[in-house]
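Comments concern the structure below.
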There are 2 protein chains.
Amino acid sequence: MNDVVKRDGTEIAVDGARLWASLMELAQIGATPKGGVCRLALTDLDKQGRDLVVSWGKAAGLTITTDKIGNVFMRRKGRNEALPPIACGSHIDTQPTGGKFDGNYGVLSGLEVVRTLNDRGIETEAPLEVIFWTNEEGSRFVPVMMGSGVFAGAFSLESVYAAKDVAGKTVKEELERIGYVGTEEPGKHPMGAYFEAHIEQGPVLEDADKTIGVVTGVLGLRWYDCVVKGMEAHAGPTPMALRKDALQVATRIMQETVAIAHRYPPYGRGTVGFVQVHPNSRNVIPGTVKFSIDLRNVDNERLDTMDKEIRAFIEKTSKESGLEISIEQVSYFPPCPFEKGCIEAVAKGAKTFGYSTMEAVSGAGHDAVYMARLAPAGMIFVPCKDGISHNEIEDAKPEHLEAGCNVLLHAMLDRAKVASRKG
Amino acid sequence: MNDVVKRDGTEIAVDGARLWASLMELAQIGATPKGGVCRLALTDLDKQGRDLVVSWGKAAGLTITTDKIGNVFMRRKGRNEALPPIACGSHIDTQPTGGKFDGNYGVLSGLEVVRTLNDRGIETEAPLEVIFWTNEEGSRFVPVMMGSGVFAGAFSLESVYAAKDVAGKTVKEELERIGYVGTEEPGKHPMGAYFEAHIEQGPVLEDADKTIGVVTGVLGLRWYDCVVKGMEAHAGPTPMALRKDALQVATRIMQETVAIAHRYPPYGRGTVGFVQVHPNSRNVIPGTVKFSIDLRNVDNERLDTMDKEIRAFIEKTSKESGLEISIEQVSYFPPCPFEKGCIEAVAKGAKTFGYSTMEAVSGAGHDAVYMARLAPAGMIFVPCKDGISHNEIEDAKPEHLEAGCNVLLHAMLDRAKVASRKG
């Protein structure tokens, strides 16, 4: 990269205003009154968004291919077409009450990288690709990160084709309907490296007043469903000693979930987000309480220990209370450390511009987690306002988005190598 | 009463089979497939139930009067009509998934008392009355115990007339529609004493293997709405130290609610029955948790102490956590001790038949609570299966219902005095 960086202030830099304008234009498709975006995967709006991004890609001279799960690869030729492409990307589907930046920023910052290289007449050794993955959000169809997951072999094409939305429509028929079933077998696409720029979706960068998060990896997670069965009874006539209060027992486990996370800092996380009380009536002792447990850590051994501790606590609590308690793991992702070289390329890109940085760990899953199974991968975080995402008020500063895009540009050039330049 | 009780086994006793048959016949009106009853206040089914009970009352020679809130008084003449009547009763409206016995037993056991006295040609000094009160359950229209509450002056007639169901219909128009607006001013009805026979709706009698609960009073209660406000955030990206987890704080208060009840035995009760978590999503830290608190005790001083303790704990927890917590009392009933003479009349009635007894305290509210403000009052409890009520599987044994009715008969005679008998 040294050959393109001039320390006298003439480093290649993206056009932050053009990036912002594209983000705002794409955000019009599915725009909500509160300033957010609702563009669920494989809807008409998703098709409109895809068509717009593809048209921009074509205008930038990119070649488009689509695979059978609808992942779209937009390719810029390298001098050496035999080299695997240096890729970047994310997703453009959103949550029902989503924001303008989640995912969309990763795709459009890749497009801005290409536009910048075009403007400067820069050719890279390796080809570049800007990718958008199908149905990352998992709101309309489960599982989440569907397109990248199929690409990485985590799910079979057949199983996700059969996934249905609440109206009973399948992924396959909706993909066909919007015209995004490609011919390429998912995963049969070489990749030299993968970068994903993303808003942090958390408060750490803002809290620390840093511009760039150099992401070293993604937390592993274990999701559980827990059910405590007691006996519903009237709150008035039932003495304390004769109660089987499911909520009283469940709240002990909820407390312990958080306590476990505190025992494994700094990356231990423990959350109960969902609670369902039956019959949920003011003067009835709860008979059944169902709730979720979410445990995360950056280190697999620690995550395993957290798993053992919550299970042991539940067994002990069941014995002590005499109530039946079940715990079922419903999802598991091991921690995903990113490749050293990619992490360094991101750090170096930030240093080039003198951006303030900190090492960061992603608490949320991203398509990059699946890419890391196939190729060297890395991520770039930029702050988002109050750490809020998956919300119509999700917001980010243009200067932060521009900075992240500059880092993406230089990290990709670091990997793809500049072959020639006009300017 | 000694003049009518023969210790040689010829005590006056009710006809248990006739009582059971009437209970089963009334339970046909609004019968549910699971064996319960759905006969909500002031519906067509309530009218049918009222008409049936009134027709039985007329057949037994009773005089019917109705007051302006639809409470129905069925009167059997006494020798001295200047004496205030010795009354009994309860309600015939049910929960949406209610049982056959709750309330209905109190009314039909009163009818069986009258039928028994008619069969034996027994005349009492004081007149007797069998009453059913309007809308005790409060399912369709709030407040609960509406008819007896208006009678006792707890609510104004105007305020309850205006109460609406979910369809927007008012108590007044529904009362008029079913033809149960009487001319008598509520409360303008003398009462010498009031007895209410009822299934226990709790597990204590069954647990202790006793037939008759001699009810000494009703627990006082305080109901609260509690709201904890934190900040919703993604479960993955938000470190433990930066969280404002409303559920984590709310569960501490839920635990304390139960702990407080345990500190004031044997009649302390503490229940959280209702919980609402927002946004209630597996991977989102709860931003707001709303829940109910229900505290009860038999002694007003202890109930006050419990109130002070939960408020102090909430204040402390709010300071420690930095989260805003509100608590609002939404209902209050002071403890209601019954009149000594009525309690003794019940105990003596049970002794006459050699029934096993125990002193009991009602944890639930009953119309008798309001009657106790106006006249000497008492209650008779009989066991119900597994303590279950407000449920279609509510069940009670015919022999227990018969026993409770015999006790009611003798308690009423104890108060009304036998004037003459044929047999």
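When A:S326 is tested against (1) touching a residue at least 24 places away in the same chain (Cβ under 8 Å); (2) in a loop (DSSP other than H, G, I, E, B); (3) small (G, A, S), just one condition goes unmet, and that condition is (2). Filtered by the rule that a residue be over 7 Å from A:A126 (Cα atoms) and among the aliphatic types (A, V, I, L, M), the stretch A:77-92 gives A:A82, A:A87, A:I92. None of B:G49, B:G103 is at pLDDT 95 or above and over 25 Å from B:D414 (Cβ atoms) except B:G49. Quick check: is even one residue across the stretch B:99-120 β-branched (V, I, T), over 30 Å from B:S420 (Cα atoms) and crowded, with 17+ Cβ neighbours inside 10 Å? No: zero hits.
In the set (1) at pLDDT 95 or above; (2) closer than 27 Å to A:T32 by Cβ, A:A360 fails one condition alone, (2). Just give me the residues in the stretch A:353-371 being in contact (Cβ under 8 Å) with a residue 60 or more places away in the chain and part of a loop (DSSP other than H, G, I, E, B), in sequence order. Of everything in the stretch A:353-371, those that are in contact (Cβ under 8 Å) with a residue 60 or more places away in the chain and part of a loop (DSSP other than H, G, I, E, B) turn out to be A:Y355, A:S356, A:G363, A:A364, A:G365, A:H366. Contact map, the stretch A:118-137: first residue at positive phi, second residue assigned to a strand (DSSP E or B), Cβ cut-off under 8 Å, separation 6 or more or different chains; pairs are A:G121/A:R421.
Exactly one residue among A:K385, A:K397 is basic (K, R), surrounded by fewer than 24 Cβ atoms within 10 Å (Cβ to Cβ) and within 14 Å of chain B (Cβ to nearest Cβ), and that residue is A:K385.
If you go through the stretch A:220-227 one residue at a time, do you hit one that is within 8 Å of chain B (Cβ to nearest Cβ) and either assigned to a strand (DSSP E or B) or within 17 Å of A:V407 (Cβ to Cβ) (or both)? Spell out the reasoning first.
Initial filter on the stretch A:220-227 (within 8 Å of chain B (Cβ to nearest Cβ)): A:221, A:223.
Checking which are either assigned to a strand (DSSP E or B) or within 17 Å of A:V407 (Cβ to Cβ) (or both) leaves us with A:221, A:223.
Looking for residues that are within 8 Å of chain B (Cβ to nearest Cβ) and either assigned to a strand (DSSP E or B) or within 17 Å of A:V407 (Cβ to Cβ) (or both), one finds at least one in the stretch A:220-227, hence yes.
Among the conditions (1) in a helix (DSSP H, G or I); (2) touching a Gly at 6+ places or on another chain (Cβ under 8 Å); (3) surrounded by fewer than 22 Cβ atoms within 10 Å (Cβ to Cβ), B:G182 misses just one, which is (1).
In the set B:A411, B:A403, B:A360, only one residue is touching a helix residue (DSSP H, G or I) at 6+ places or on another chain (Cβ under 8 Å), within 14 Å of chain A (Cβ to nearest Cβ) and among the aliphatic types (A, V, I, L, M); that residue is B:A360.
Evaluate the stretch B:299-311: report whether one residue or more is of a type in the set (S, T, Y), out of contact with any strand residue (DSSP E or B) (no Cβ under 7 Å at 6 or more places or on another chain) and within 8 Å of chain A (Cβ to nearest Cβ).
No: zero hits.
Remark: A:L374 falls outside the filter, which requires a residue to be out of contact with any Gly (no Cβ under 7 Å at 6 or more places or on another chain) and part of a helix (DSSP H, G or I). Checked against the criterion of being assigned to a loop (DSSP other than H, G, I, E, B) and touching a residue at least 60 places away in the same chain (Cβ under 8 Å), the candidates A:G110, A:G57, A:G70, A:G89 yield just one match: A:G70. Could you tell me whether any residue of the stretch B:223-240 is farther than 25 Å from B:V144 by Cα, hydrophobic (A, V, I, L, M, F, W, C) and without any contact (Cβ under 8 Å) to a residue 12 or more places away in the chain? For the stretch B:223-240, residues farther than 25 Å from B:V144 by Cα, hydrophobic (A, V, I, L, M, F, W, C) and without any contact (Cβ under 8 Å) to a residue 12 or more places away in the chain: present.
In a residue-by-residue description of the stretch B:275-289, the property of being outside the structural domain of B:S362 (by TED's automatic domain parsing), free of Cβ contacts under 8 Å to residues at least 12 places away in the same chain and not in a loop (DSSP other than H, G, I, E, B) applies to no position. Figure legend. Inter-residue proximity from the stretch B:144-155: first residues of a type outside the set (A, V, I, L, M), second residues modelled with pLDDT under 95, beta-carbon distance below 8 Å, spacing 6+ or different chains. Indicated pairs: B:G149/B:P143; B:F151/B:H189; B:F155/B:P143.
Selection of the stretch B:257-274 for residues being within 7 Å of another protein chain (Cβ to nearest Cβ), β-branched (V, I, T) and surrounded by fewer than 24 Cβ atoms within 10 Å (Cβ to Cβ) yields only B:V258.
Whether a residue is within 28 Å of A:L23 (Cα to Cα), charged (D, E, K, R) and touching a His at 6+ places or on another chain (Cβ under 7 Å) was assessed, and A:E196 passes this test. Among the residues making up the stretch A:233-256, those that are within 23 Å of A:I293 (Cβ to Cβ) and at the interface with another protein chain (Cβ under 9 Å from one of its Cβ atoms) are A:D245, A:L247, A:Q248, A:A250, A:T251, A:R252, A:M254, A:Q255. Kindly evaluate B:T97 against the criterion of being at pLDDT below 95, closer than 30 Å to B:V166 by Cα and not charged (D, E, K, R). In short, yes. The set of residues in the stretch A:322-339 being within 13 Å of chain B (Cβ to nearest Cβ) and either surrounded by 18 or more Cβ atoms within 10 Å (Cβ to Cβ) or of a type in the set (A, V, I, L, M, F, W, C) (or both) consists of A:V330, A:F333, A:P335, A:C336. Taken over the stretch B:122-140, the criterion of being modelled with pLDDT of 95 or more and either among the charged types (D, E, K, R) or in a loop (DSSP other than H, G, I, E, B) (or both) is satisfied by B:E123, B:E125, B:A126, B:P127, B:E129, B:W133, B:T134, B:N135, B:E136. Against the test of being crowded, with 23+ Cβ neighbours inside 10 Å, assigned to a helix (DSSP H, G or I) and either assigned by TED's automatic domain parsing to the domain that holds A:L247 or at pLDDT 95 or above (or both), the options A:A350, A:A312 yield a single qualifying residue, A:A350. Going through the stretch A:290-309 one residue at a time, which ones are more than 26 Å from the chain's Cα centre (by Cα) and surrounded by 17 or more Cβ atoms within 10 Å (Cβ to Cβ)? Answer for the stretch A:290-309, where residues must be more than 26 Å from the chain's Cα centre (by Cα) and surrounded by 17 or more Cβ atoms within 10 Å (Cβ to Cβ): A:K290, A:E309.
Looking at B:V284, B:V277, just one residue is modelled with pLDDT under 95 and within 11 Å of another protein chain (Cβ to nearest Cβ), and that residue is B:V284.
Residue by residue through the stretch A:197-218, note down the ones that are assigned to a loop (DSSP other than H, G, I, E, B) and either more than 7 Å from chain B (Cβ to nearest Cβ) or buried (at least 24 other Cβ atoms within 10 Å of the Cβ) (or both). Within the stretch A:197-218, A:E200, A:Q201, A:G202, A:D209, A:K210, A:T211 qualify.
The values are calculated or read from the model by the stated rules, or taken from the named source; none is laboratory data. Keep in mind the model is a prediction, meaning the values are calculated, not measured. Every residue, glycine as well, gets a Cβ built from its backbone with ideal geometry; the counts of neighbours run over all protein chains shown.
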